[in-house]
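Asks: Pasting a structure here, questions to come.
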Amino acid sequence: MFNPPSPHEVKILTRRFGVQNSHTIDASLAHQGYDGLKKAIAMGADAVINEIKASALRGRGGAGFPTGMKWSFIPRTSPKPKYIVCNADESEPGTCKDRLLIQNDPHSLIEGIAIAGFTMNSNRGYIYVRGEYRYLIYILETAIAEAYKHNLLGQNILGTGWNFDLFVHSGAGAYECGEESALLNSLEGKRGTPRLKPPFPATHGLYQSPTLLNNVESFCAVTHIIRDGAADFAKHGPEKSGGTRLMCISGHVQRPGVYEMPLSTTLPFLINEVGGGLRPGRTLKAVQPGGSSSPILLPEECNVGLDFDSLAKAGTMAGSGGIVVLDDTADIVAYALRIIRFYQHESCGWCIPCREGTTWLKKILERLNQGEGTMKDVDLVGELAKNMFGRTFCALGDAAAWPTGSIVKKFRGEFETKLAAVQARQVPAELVNIG
Amino acid sequence: MATTTAPPTVINAKLNGQDIQTKPGTLLINLTKELGIEVPAFCYYEGFSLQAACRMCLVQVNSSPKLLPGCTTIVTEGMVIETESPLVVEARKSMLEFLLTNHPLDCPVCDKGGECELQDMVFKYGAGESRFVDIKHHEPERPFSPVVYYDPARCILCYRCVRVCDEGYGVNALGVVNRGVLSEIAPNRGDQLNCDECGACIDICPVGALTSNTYRYKTRPWEMKHVGTTCAHCSNGCKTTLGVRNDEIMRANNRDSSGLNEEFLCIKGRFGFDFNHHPDRLQSPMLRIDGDLQPVSWSKALAAVAAKFNEVKAAGGKFGIVASNRTSNEENYYLQKFARTGLGTNNIDHARTGDVVTLVDALSGKQGKLATMADLYQTKAALVIGSDLAQQHPLLAYELRRNWRHHQARIYAMTPGPVREDKYAAATARVAFGEEIAALEGWREQLAKEPELLILFGDSIKGASLRQLVDFGESLGIPVKYVALVDYANSRGAIDMGLVPELHPGFVPSGQPGLTLPEMLDDSQLDVLWVVGANPLANRSQANPKAFVVVQDLFLTATAARADVVFPAASAYEKKGTVTNVTGEVQRLTAAVKTMGTKTDLEIFGLLGKEMGLELGIWSPDAVFNEIRQNVRGYNVTMPILATGGAAPTTPVNGKVNVETRSDLVHSAGDTLFTSGSMTKYSQVLNTVAERPGQLYKPV
Amino acid sequence: MSIALSAATEARWQKILDAYPEGRKRSAVIPMLIFAQDETGIITRELMEEIARRAEVDYLQVEEVVGFYSMLRKQPLGKYHVQVCTNISCMLAGGMELWHHACESLHLKNKQTSADGLISIEEVECMGACSWAPAVEVNYDFHHHVTPERFDEIILELKGKG
């Protein structure tokens, strides 16, 4: 069903994937399941947070914020209820890792959330699963029920006197709900529009209470970090980007797949050694290294590490770990259009530049893709992207503008070629030079 | 020893190169406003929740690599702010460019043209040419209600309407549906509104997306004269600005938020002016000739009345004068003078709607006990007894809600049925009329813990129970202020001007007997019944069917139909003068229009007095008000406040009234948001909205 | 109540309503909608009113979310809703051609339903199958590496199931 593993993988989060019935608690317990939770309880909350800080784990949802620091922001002694929310609204084009984690090892996620619950002195957690992942909701519900039976969730967990209830919440189709504050609005039954920040979810999250919100992979990583120690995780990546991450390689490679790789992996290594390289006879045209929101890289820019800082330095981002590879057969104009169609469809409509900007960009790119318009339109795309970038309410506008701007800047020639090719076919020769 | 740093009391920052100082916690957009520097915004609206959605107010701040919205950025120490830098100017221009991509630019036929915030901004900050050449998204215009129309194409999604309805009015009748560029505003009943029909959404809309069905496509803003006056309907005294063209009121609004009601108006204030040009308006005096009322000249009608009045007066006959809850203070004052000195009678009364007299008496000797409108917004706790405030006193309800939103005021509601305050009140109780005083004891402990309290009470609290209420309030040991709720635009002024037998103006005991309103009607010896702006015979007859009846009114009411002489009176929108609202604030009436053939009640009094040969003084509104200022205690108000359209608080007598007042006659008509006494019949708007007339204690 | 739902959906609704703290039933609105839609196929005004009543919110608050979430629908679709992803990863792997194949072979346009009500198709955004593209989701069942030939087989299987 999914891709076979790669020999280059470092299997930490995916260590139980090959185990038979890996999604069951029996399989989990047979492979050190919930040892991390037990250890966390023994360590105490402060030590847990320090351990996560030491692991240099950075959020796997897209922003790459240091997880330990995020955990330290939660007012754990607040008299308000504290909530743990897991973002399983995986929707970034190019990304399909959270799905695998939940499907193969839901207990690793539940354990990570429980560790967070214990650490934050929380009694309630939610896993927000995108509506399309319905089967994962059932898997999670079964796994949660098993955990209750083993007193790993529920009342007086493991005799500590601490209670923690965990629920699964279904989304219903909205990319914007991957943005943490929009997710919280959605979890409260509202439209998935983002909230003003500050205040941040750490203090005013779900129901205006302190809320720890992390991505599926981040919680799973916590489970293994606490169990095996920060150093064991951190060593797989550069200093400020600890550990492994599930890298989703897709597009024009011979072995697309999800591979757990150290963050010290480089992009050429991932493409060539892990992803099996390009198809025979093809050459590299471009790579989007961090999902559809990341600025595109030209082949000559691809000699870069896949950790957060290296990609940022290269003018793009690690994002959610979706690496999309385009070879010379790719139509970059159609590709740009497809990106902007996505963001236009998903723009929540809250703010003007994103709502109107994505719509306008889509209209222009539709024209250009049909070979209509002029090079002035290509310039206009670049200008509109610039006018949107950094000025929208949330990062969705940036996510639309950033790759689009980079594509028209780096592939202006492709637009020119496409326009010329189509117009040469359609416009009678005697009219070409008029005006 | 631990040291604590005191929070700074002043913030130093730099704005466009100038060193400035401001209070901690100041929003950048408010700072610029204070300093007279425009930072344009659509979604920002003072007093409502922050959206940061329109991105028009983006400014440059040294602490951020990105431009920041001025509406959500708090000015901090050392901040360097640029609101006119090339980057900011360019961002503004591009934001408008985005906005216009789906805007129809149908300004020539748009009602908002000429007073549209988008138009203004594009004019000032926009690009000269459009780079958008594609097809615009368009959805057809649709009615949300008989008064509210929505044009989604023009909507810029600033969410002001959603917020004013939800946060402001507590109605929550507007929401946002769909997503992205297809997002639009939607009403709460699928395709229709079920709400207060207040039209606040229309006025607050910065563009022409929400328009008023009573105004749309009728005129342009610049073709109208804009006349600020006081609403003619309930006692709350909202300022309303009438848009007038060719002696016709085209619309009413309060877009400049200049009155004590700020952005607030209800359906009556915004749409209920239409009674004024109802075809049934009386436009000629009428005299009963051969049993029928027939149009006659003013001189003939005045002569007939003067002759009759002089005849009855000479014969020592009995007059009964029924005064109005709606006429101006000047008219009220002049009428009681007419009665008492001109006709020599103390038989003057009006339909009393709140027991202000007992309240003033019960508070004898105490200072500052009568609340002003500002207290509704500022007092930390308020107790509402026996009134469905949102329906009967919508501005008071709005102010209390605003107080709760902005200051977390604690509201207590003791009413016979559910009220809108229930949703946010600190405590609510369902108590039948007449049982409130006993029930209040249950709240004593809680209320005594409040730092201060405002008590608003309806007509179920009067006489003895009102004295008990004041005893209760004064025994709490906290500062307490009171509001006696009264019904109509000048109900309070009617009492203040002595339109009751027991009082002269200014709560001075008359010391003379006099017939009350029911007594006049029950008196089989009554010779003359003179009714000014009232309809006492709506549901009953009078004991002496032969009494000579004179009526001054806008319409041929049941009482007017029974009259011997009818004078066509001018409405509140057609006269100059003052009225006093429920919280004792005097405000100006400005003549906005004229209906042919009518005269103001004051002019009618003056002409009649002259015809009778009486010496009652000049009857110009200014002269009479001057007399009121000199003679009526509490009314020596500051003129500039009035002259500039403000509300001047009156300070009623601070001593024992010492009269036997007829509290038993106090009775509120119980009008809802969609009724307005006998004017209801003549307002098409009040009759066409689906909610009409509604029921009290059953919130819409 | 005005609409009758199966015991299973009722039980699901109860489970959803029980999942949120006191006074936070509004949280249940979106999950209630999507699970009910699985049974009814469509979100009607009656359903929204019922959910508003159960979750103790205004009708408008339900209406507001229905149009926001792309999986919630006021128009009925087929018993089998065939969703073809054409987002970037799928597109590079032939997703766009697959989508055109779906339209042509079934003679349907986007969000249209076959005359017998069995099959509807939709071009959807990324479903999280990027590394096994192109992907198709039939209701909630994923199909990976879908070629036009494989697509036809899937459709045949659906028709066989009826």
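The values are calculated or read from the model by the stated rules, or taken from the named source; none is laboratory data. All figures in this text were calculated on a predicted structure; none of them were measured in a lab. Neighbour counts are summed over all protein chains in view; Cβ atoms, including those assigned to glycine, are modelled from backbone coordinates with ideal geometry. What goes into the accessible areas is simple: the full protein's heavy atoms, side chains included, and nothing from ligands, DNA or RNA. Shrake-Rupley method; radii C 1.70, N 1.55, O 1.52, S 1.80 Å.
Asks: Mind checking which residues of region B:604-635 are assigned to a helix (DSSP H, G or I), open to solvent by 50 Å² or more (accessible area, probe 1.4 Å) and over 13 Å from B:Tyr333 (Cα atoms)? Before the answer, list the steps.
Replies: Narrowing region B:604-635 to residues assigned to a helix (DSSP H, G or I): B:604-612, B:621-631.
Those still in the list that are open to solvent by 50 Å² or more (accessible area, probe 1.4 Å) too: B:610-611, B:622, B:626, B:629-631.
Listed by number, the residues that qualify are B:Lys610, B:Glu611.
Asks: Could you tell me how many of the residues in region A:64-105 are touching a residue at least 12 places away in the same chain (Cβ under 8 Å), touching a strand residue (DSSP E or B) at 6+ places or on another chain (Cβ under 9 Å) and assigned to a loop (DSSP other than H, G, I, E, B)?
Replies: 11
Asks: Something else now. Filter region C:46-61 down to the residues that are in a helix (DSSP H, G or I), farther than 23 Å from C:Glu122 by Cβ and of a type outside the set (Ser, Thr, Tyr) and list them by number.
Replies: So the first thing to find is which residues in region C:46-61 are in a helix (DSSP H, G or I), and the list is C:46-55, C:59-61.
Within this subset, residues satisfying the condition of being farther than 23 Å from C:Glu122 by Cβ are C:46, C:49-55, C:59-61.
Of everything in region C:46-61, those that are in a helix (DSSP H, G or I), farther than 23 Å from C:Glu122 by Cβ and of a type outside the set (Ser, Thr, Tyr) turn out to be C:Glu46, C:Glu49, C:Glu50, C:Ile51, C:Ala52, C:Arg53, C:Arg54, C:Ala55, C:Leu60, C:Gln61.
Asks: Take region A:124-140 and flag every residue that is β-branched (Val, Ile, Thr) and open to solvent by 10 Å² or more (accessible area, probe 1.4 Å). Let's see the steps before the verdict.
Replies: Within region A:124-140, the subset β-branched (Val, Ile, Thr) is A:127, A:129, A:137, A:139.
The answer is A:Ile139, and nothing else.
Asks: If you don't mind, another one. Which helices (runs of 4 or more DSSP H) sit wholly inside region A:163-265 and have at least 3 residues that are at pLDDT 95 or above and closer than 30 Å to A:Gln344 by Cα?
Replies: Numbers: elements: A:180-187, A:201-204, A:216-228, A:230-234.
Here the list reads A:180-187, A:201-204, A:216-228.
Asks: Quick one: A:Leu337 ticks every box in (1) over 28 Å from B:Gln51 (Cα atoms); (2) touching a residue at least 40 places away in the same chain (Cβ under 8 Å) except a single one, so which number is it?
Replies: The failed condition is (2).
Asks: Only one of these is among the hydroxyl-bearing types (Ser, Thr, Tyr), open to solvent by 20 Å² or more (accessible area, probe 1.4 Å) and away from chain C (no Cβ under 14 Å): A:Thr244, A:Thr223, A:Thr266. Name it.
Replies: Numbers: A:Thr244 fails: open to solvent by 20 Å² or more (accessible area, probe 1.4 Å); A:Thr223 fails: open to solvent by 20 Å² or more (accessible area, probe 1.4 Å).
Of A:Thr244, A:Thr223, A:Thr266, the one residue that is among the hydroxyl-bearing types (Ser, Thr, Tyr), open to solvent by 20 Å² or more (accessible area, probe 1.4 Å) and away from chain C (no Cβ under 14 Å) is A:Thr266.
Asks: Would you please list the contacts, defined by Cβ atoms under 7 Å and residues six or more apart or on different chains, that run from a residue in region A:397-417 that is more than 16 Å from A:Asn387 (Cα to Cα) to a residue that is open to solvent by 10 Å² or more (accessible area, probe 1.4 Å)?
Replies: These pairs meet every condition: A:Lys410/A:Leu298; A:Phe415/A:Val408; A:Glu416/A:Met375.
Asks: If you don't mind, there's one more thing I want to ask. Can you find a residue that is modelled with pLDDT of 90 or more and either surrounded by fewer than 17 Cβ atoms within 10 Å (Cβ to Cβ) or not in a loop (DSSP other than H, G, I, E, B) (or both) anywhere in region B:643-653?
Replies: yes
Asks: Take B:Val531 and decide whether it is outside the structural domain of B:Ala362 (by TED's automatic domain parsing) and touching a residue at least 60 places away in the same chain (Cβ under 8 Å).
Replies: Details: outside the structural domain of B:Ala362 (by TED's automatic domain parsing): yes; touching a residue at least 60 places away in the same chain (Cβ under 8 Å): yes.
Answer is yes for this residue.
Asks: Could you please give the count of residues in region C:99-132 that are over 19 Å from the mean Cα position of the chain (by Cα) and surrounded by fewer than 16 Cβ atoms within 10 Å (Cβ to Cβ)?
Replies: Selection size over region C:99-132: 4.
Asks: Still on this structure, please answer the following. Counting only residues that are open to solvent by 10 Å² or more (accessible area, probe 1.4 Å) and either of a type in the set (A, V, I, L, M, F, W, C) or closer than 21 Å to B:Arg629 by Cα (or both), give me the helices (runs of 4 or more DSSP H) lying completely in region B:324-407 with at least 3 of them. Steps first, answer last, please.
Replies: On the way: elements: B:329-337, B:356-362, B:373-378, B:389-392, B:394-407.
Qualifying helices (runs of 4 or more DSSP H): B:329-337.
Asks: Looking at B:Gly47, B:Gly114, which one is in the same structural domain as B:Val177 (by TED's automatic domain parsing) and either exposed (fewer than 15 other Cβ atoms within 10 Å of the Cβ) or in a loop (DSSP other than H, G, I, E, B) (or both)? Talk me through it step by step, then tell me what you get.
Replies: Working: B:Gly47 fails: in the same structural domain as B:Val177 (by TED's automatic domain parsing).
Checking each option against the conditions leaves just B:Gly114.
Asks: Of everything in region C:102-160, what is assigned to a loop (DSSP other than H, G, I, E, B) and facing chain A (nearest Cβ under 10 Å)? Give them in sequence order.
Replies: Applying the first criterion (assigned to a loop (DSSP other than H, G, I, E, B)) to region C:102-160 yields C:107-112, C:114-118, C:125-129, C:133-135, C:139-140, C:144-147.
If the condition is that a residue be assigned to a loop (DSSP other than H, G, I, E, B) and facing chain A (nearest Cβ under 10 Å), then C:Glu125, C:Cys126, C:Met127, C:Gly128, C:Ala129, C:Ala133, C:Ala135, C:Asn139, C:Tyr140, C:His144, C:His145 are the ones that fit.
Asks: Any residue at all in region B:25-42 that's facing chain A (nearest Cβ under 10 Å) and at pLDDT 95 or above?
Replies: Yes: one or more hits.
Asks: So which residues in region A:301-359 are within 14 Å of chain B (Cβ to nearest Cβ) and not in a helix (DSSP H, G or I), if there are any at all?
Replies: Selection gives A:Ser347, A:Cys348, A:Gly349, A:Trp350, A:Cys351.
Asks: Can you confirm whether B:Gly168 is of a type in the set (Gly, Ala, Ser), open to solvent by less than 20 Å² (accessible area, probe 1.4 Å) and within 14 Å of chain A (Cβ to nearest Cβ)? Walk me through it before giving the result.
Replies: Values: of a type in the set (Gly, Ala, Ser): yes; open to solvent by less than 20 Å² (accessible area, probe 1.4 Å): yes; within 14 Å of chain A (Cβ to nearest Cβ): no.
Criteria not met by B:Gly168.
Asks: Another question, if that's okay. Since B:Pro65 meets every condition but one in (1) within 14 Å of another protein chain (Cβ to nearest Cβ); (2) assigned to a loop (DSSP other than H, G, I, E, B); (3) buried (at least 21 other Cβ atoms within 10 Å of the Cβ), which condition does it not meet?
Replies: Among (1) within 14 Å of another protein chain (Cβ to nearest Cβ); (2) assigned to a loop (DSSP other than H, G, I, E, B); (3) buried (at least 21 other Cβ atoms within 10 Å of the Cβ), the lone unmet condition for B:Pro65 is (3).
Asks: Then there is this: Using the structure shown, decide if A:Arg391 is closer than 18 Å to B:Ala53 by Cα and either surrounded by fewer than 19 Cβ atoms within 10 Å (Cβ to Cβ) or touching a strand residue (DSSP E or B) at 6+ places or on another chain (Cβ under 7 Å) (or both).
Replies: yes
Asks: If you don't mind, another one. In this structure, is A:Asn163 away from chain C (no Cβ under 11 Å), touching a residue at least 40 places away in the same chain (Cβ under 8 Å), surrounded by fewer than 23 Cβ atoms within 10 Å (Cβ to Cβ) and on the phi < 0 side of the Ramachandran plot? Lay out the reasoning, then the answer.
Replies: Details: away from chain C (no Cβ under 11 Å): yes; touching a residue at least 40 places away in the same chain (Cβ under 8 Å): yes; surrounded by fewer than 23 Cβ atoms within 10 Å (Cβ to Cβ): yes; on the phi < 0 side of the Ramachandran plot: yes.
Spelling it out, A:Asn163 is indeed away from chain C (no Cβ under 11 Å), touching a residue at least 40 places away in the same chain (Cβ under 8 Å), surrounded by fewer than 23 Cβ atoms within 10 Å (Cβ to Cβ) and on the phi < 0 side of the Ramachandran plot.
For (1) open to solvent by less than 40 Å² (accessible area, probe 1.4 Å); (2) at pLDDT below 95; (3) polar (S, T, N, Q), each residue gets a yes or a no:
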| site | (1), (2), (3) |
| --- | --- |
| A:Ser294 | yes, no, yes |
| A:Pro299 | no, no, no |
| A:His345 | no, no, no |
| A:Trp350 | no, no, no |
| A:Thr359 | yes, no, yes |
| A:Gly373 | yes, yes, no |
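Asks: Looking only at region B:532-545, decide whether some residue is at pLDDT below 95, outside any loop (DSSP other than H, G, I, E, B), within 30 Å of the chain's Cα centre (by Cα) and closer than 29 Å to B:Asp361 by Cα.
Replies: no
Asks: Of the residues in region C:65-92, how many are closer than 26 Å to C:Thr44 by Cα, within 7 Å of another protein chain (Cβ to nearest Cβ) and either open to solvent by 30 Å² or more (accessible area, probe 1.4 Å) or assigned to a loop (DSSP other than H, G, I, E, B) (or both)? Spell out how you get there, then give the answer.
Replies: Of all residues in region C:65-92, those closer than 26 Å to C:Thr44 by Cα come to C:65-84.
Okay, now just the ones that are also within 7 Å of another protein chain (Cβ to nearest Cβ), so C:65, C:67-72.
Applying the additional criterion that residues be either open to solvent by 30 Å² or more (accessible area, probe 1.4 Å) or assigned to a loop (DSSP other than H, G, I, E, B) (or both) yields C:67-72.
Here the count works out to 6.
Asks: Further, regarding this structure: Quick check, is C:Glu10 of a type in the set (D, E, K, R), in a helix (DSSP H, G or I) and open to solvent by 60 Å² or more (accessible area, probe 1.4 Å)? Steps first, please.
Replies: Numbers: of a type in the set (D, E, K, R): yes; in a helix (DSSP H, G or I): yes; open to solvent by 60 Å² or more (accessible area, probe 1.4 Å): no.
No, not satisfied.
Asks: What pairs can you find where one residue is in region B:176-190 and in contact (Cβ under 8 Å) with a residue 40 or more places away in the chain and more than 7 Å from every other protein chain (Cβ to nearest Cβ), the other is assigned to a helix (DSSP H, G or I) and of a type outside the set (Ser, Thr, Tyr), and their Cβ atoms are less than 7 Å apart, with a gap of 6+ or different chains?
Replies: Final answer for the pair search is B:Glu184/B:Pro152.
Asks: OK, next. Sort through B:Asp203, B:Asp196 and tell me the only one that's assigned to a loop (DSSP other than H, G, I, E, B) and acidic (Asp, Glu). Write out each step before concluding.
Replies: Working: B:Asp203 fails: assigned to a loop (DSSP other than H, G, I, E, B).
Being assigned to a loop (DSSP other than H, G, I, E, B) and acidic (Asp, Glu) holds for just one of B:Asp203, B:Asp196, which is B:Asp196.
Asks: Quick one: C:Glu22 ticks every box in (1) within 11 Å of chain A (Cβ to nearest Cβ); (2) touching a Ser or Thr at 6+ places or on another chain (Cβ under 9 Å); (3) surrounded by fewer than 18 Cβ atoms within 10 Å (Cβ to Cβ); (4) not small (Gly, Ala, Ser) bar one, so which box is it?
Replies: Failed condition: (2).
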